[in-house]
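**Q** What follows is a structure written as structure tokens; I'll ask about it next.
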Amino acid sequence: MKKFMIGLLFIILLSTTLSANAETVVLKANSYDKLENAYFDYHNVDVLSNQEGNFFWWTGTEFIKCSLLDTKFTKSDDLVEWSDMNLSDDARMKISRQYSANIKHYGDKYIVYDEIFNPSIIIDKMERTHGPIIMPIYILDENFNLLCEVQLDNPLTDFEYVDGVYYIETQEYTQVGTTDYELKNNTIYYSYDAIDWQIDNERSSMPQSNGRNSLVFQGELVNFNASDYRFEVKDMFIEKNKSDLIKVVQERPITCYYKAKGNIYVEIQYYIDNVNTFRISRDGVYSVDVAIPEYSGNISGKSEFIFECNLWKDKLVIRTRKRLIEYDMADIEDVLNEKCPSDTPYIEFNGNILGFDVPPIIEDGSTLVPMRFLFEQMGADVEWDSETQTATATIENKAVTFSIDNVNARINNKPAKMDVPARLVNGKTMVPLRFLSENMGYDVDWDADSRTAIIQ
């Protein structure tokens, strides 16, 4: 019965909106609203390219741009001072011929690759326009000397570097209609030097970059709608090691993709009309909503939506349909330090980490967590009396009643006392975890190394 209730409640939770019951912070942002042709003027650099402009990349360590007119490559640390890059003619021509090349500095190498996002809707168009879309991966050393080419059998859909290991994902699609394709299978490759590659038979999904914890999504992005480009992520896990994944159950659904750079995760709702927030996180569990400033320009009959985001040195840059929005990473770090401190405890229930909308807090040695989401995971019924600010949680033959800012409680209508009272934090009722879990029939253990309270 408990499992049924939990499953039912989780389905209900998935139907809620991303911004429901969430505190939204407002940060200073610079908006670059001028869009001409297919590129933005960003600090005097054409960020996006057209056929007569420049290619522009952030490698993770520096900025690189290439003039399409003369295939001249230059690099910069600050977008102000630029220096020429001495590439061989072979490397220069191969890189400039990629359809949508990425240049990343991973480990001690530069990786140049074409990443095909959601091949199912563009395979036919790309192959008719450009020919085969399976492009080689170019491996270059620190001086941009070409070391080797890696040729794949299927389109590359992701490339990551996690804990000293390089990973590639390819996806094979089969045609099921005139222009429709469906995923047949995906393959994960790994390498320790980006030169010798092997199939990773232990993985079915890709680890996502380096943060405090790596993230992994189980399977493909699901529920893709070609008409409005809406994505929903199947499942999210925290990766403890290669063979130990722990699932994260979010209070709000994951409706987009986490991009991990450094120690920051950014969650963006891609291609959703008039989206006005995005999430930032340090661990993929607890997050903060950040407001996107209103667009004052002319939309020309089409809604504004987000294409992508990038972390460039000390800036987070979000690209929408009509502009670039720039945030200082120092401001984002300050918000995370305030709203999601590094000592915030994790809560594990039924083998899953709970991603509360409002992170747990510690008061006088007791951990307080959002009441409703925890009780719903337990399969409990919750009644709330707004006049007296009193809650009653019932599961099977156990009932716990307590009030805001009051240590006095009742267990099956008998008086009891909590170490700390329940609190209201950002509209959420925060309750003492151990007291209420144990009185609901669960044991609570504390893992000091991972700062995790384990309910079982």
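**Q** Just give me the residues in region 402-429 being assigned to a strand (DSSP E or B), touching a residue at least 40 places away in the same chain (Cβ under 8 Å) and either charged (D, E, K, R) or farther than 22 Å from Lys339 by Cα (or both), in sequence order.
**A** Within region 402-429, Arg423, Lys428 meet the criteria.
**Q** Please find, within region 106-129, the residue that is farthest from Trp312 (Cα to Cα) out of those that are at pLDDT 60 or above and outside any strand (DSSP E or B).
**A** Ranking the candidates gives Ile116 first.
**Q** Pairs only if they're at least six apart or on different chains, beta carbon under 6 angstrom, first in region 62-90 and closer than 14 Å to Asn44 by Cα and in contact (Cβ under 8 Å) with a residue 60 or more places away in the chain, second assigned to a strand (DSSP E or B) and not polar (S, T, N, Q); list them, first residue then second.
**A** none
**Q** For region 398-412, indicate whether the set of residues that are within 30 Å of Phe278 (Cα to Cα) and more than 25 Å from the chain's Cα centre (by Cα) is non-empty.
**A** Looking for residues that are within 30 Å of Phe278 (Cα to Cα) and more than 25 Å from the chain's Cα centre (by Cα), one finds none in region 398-412, hence no.
**Q** Please find, within region 72-94, the residue that is modelled with the lowest pLDDT out of those that are within 18 Å of Tyr113 (Cβ to Cβ) and not hydrophobic (A, V, I, L, M, F, W, C).
**A** Ranking the candidates gives Lys94 first.
**Q** Now a separate question. Confirm whether Val290 is buried (at least 20 other Cβ atoms within 10 Å of the Cβ) and part of a strand (DSSP E or B).
**A** Yes: the conditions hold for Val290.
**Q** Touching a residue at least 60 places away in the same chain (Cβ under 8 Å) and either outside the structural domain of Leu436 (by TED's automatic domain parsing) or surrounded by fewer than 19 Cβ atoms within 10 Å (Cβ to Cβ) (or both): does that describe Gly355?
**A** In short, no.
**Q** Tell me whether region 40-54 contains one or more residues that are touching a strand residue (DSSP E or B) at 6+ places or on another chain (Cβ under 9 Å), surrounded by fewer than 16 Cβ atoms within 10 Å (Cβ to Cβ), at pLDDT below 85 and closer than 30 Å to Glu149 by Cβ.
**A** Within region 40-54, one or more residues are touching a strand residue (DSSP E or B) at 6+ places or on another chain (Cβ under 9 Å), surrounded by fewer than 16 Cβ atoms within 10 Å (Cβ to Cβ), at pLDDT below 85 and closer than 30 Å to Glu149 by Cβ.
For every residue, the table says whether it meets (1) at pLDDT 80 or above; (2) under 17 Å from Ala194 (Cβ atoms); (3) not aliphatic (A, V, I, L, M).
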position: Trp58; (1), (2), (3): yes, no, yes
position: Lys104; (1), (2), (3): yes, yes, yes
position: Leu147; (1), (2), (3): yes, yes, no
position: Val162; (1), (2), (3): yes, yes, no
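**Q** Continuing with the same structure: Scanning region 306-347 for residues that are hydrophobic (A, V, I, L, M, F, W, C), farther than 15 Å from Ser281 by Cα and in contact (Cβ under 8 Å) with a residue 60 or more places away in the chain, which turns out surrounded by the most Cβ atoms within 10 Å (Cβ to Cβ)?
**A** In this case the residue turns out to be Ile347.
**Q** Any residue at all in region 375-382 that is in contact with a helix residue (DSSP H, G or I) (Cβ under 9 Å, 6 or more places away or on another chain), on the phi > 0 side of the Ramachandran plot and part of a loop (DSSP other than H, G, I, E, B)? Write out each step before concluding.
**A** Initial filter on region 375-382 (in contact with a helix residue (DSSP H, G or I) (Cβ under 9 Å, 6 or more places away or on another chain)): 375-382.
Restricting the remaining residues to those that are on the phi > 0 side of the Ramachandran plot gives 379.
Remaining after also requiring part of a loop (DSSP other than H, G, I, E, B): 379.
Yes; the residues of region 375-382 include at least one that is in contact with a helix residue (DSSP H, G or I) (Cβ under 9 Å, 6 or more places away or on another chain), on the phi > 0 side of the Ramachandran plot and part of a loop (DSSP other than H, G, I, E, B).
**Q** Looking at region 418-449, which of the residues that are loosely packed, with under 13 Cβ neighbours inside 10 Å and of a type in the set (Gly, Ala, Ser) is modelled with the lowest pLDDT?
**A** Selected residue: Gly427.
**Q** A further question follows. Mind checking whether some residue in region 364-377 is loosely packed, with under 13 Cβ neighbours inside 10 Å, within 30 Å of Glu338 (Cβ to Cβ) and at pLDDT below 90?
**A** Scanning region 364-377 turns up at least one residue that is loosely packed, with under 13 Cβ neighbours inside 10 Å, within 30 Å of Glu338 (Cβ to Cβ) and at pLDDT below 90.
**Q** Name the single residue, out of those in region 383-398 being assigned to a strand (DSSP E or B) and out of contact with any strand residue (DSSP E or B) (no Cβ under 6 Å at 6 or more places or on another chain), that is surrounded by the most Cβ atoms within 10 Å (Cβ to Cβ).
**A** Ile395
The values are calculated or read from the model by the stated rules, or taken from the named source; none is laboratory data. What you are looking at is a predicted structure, and each value in this text was computed from that prediction instead of being measured. FYI the Cβ positions are ideal-geometry reconstructions off the backbone, even for glycines, and counts take in every protein chain you see.
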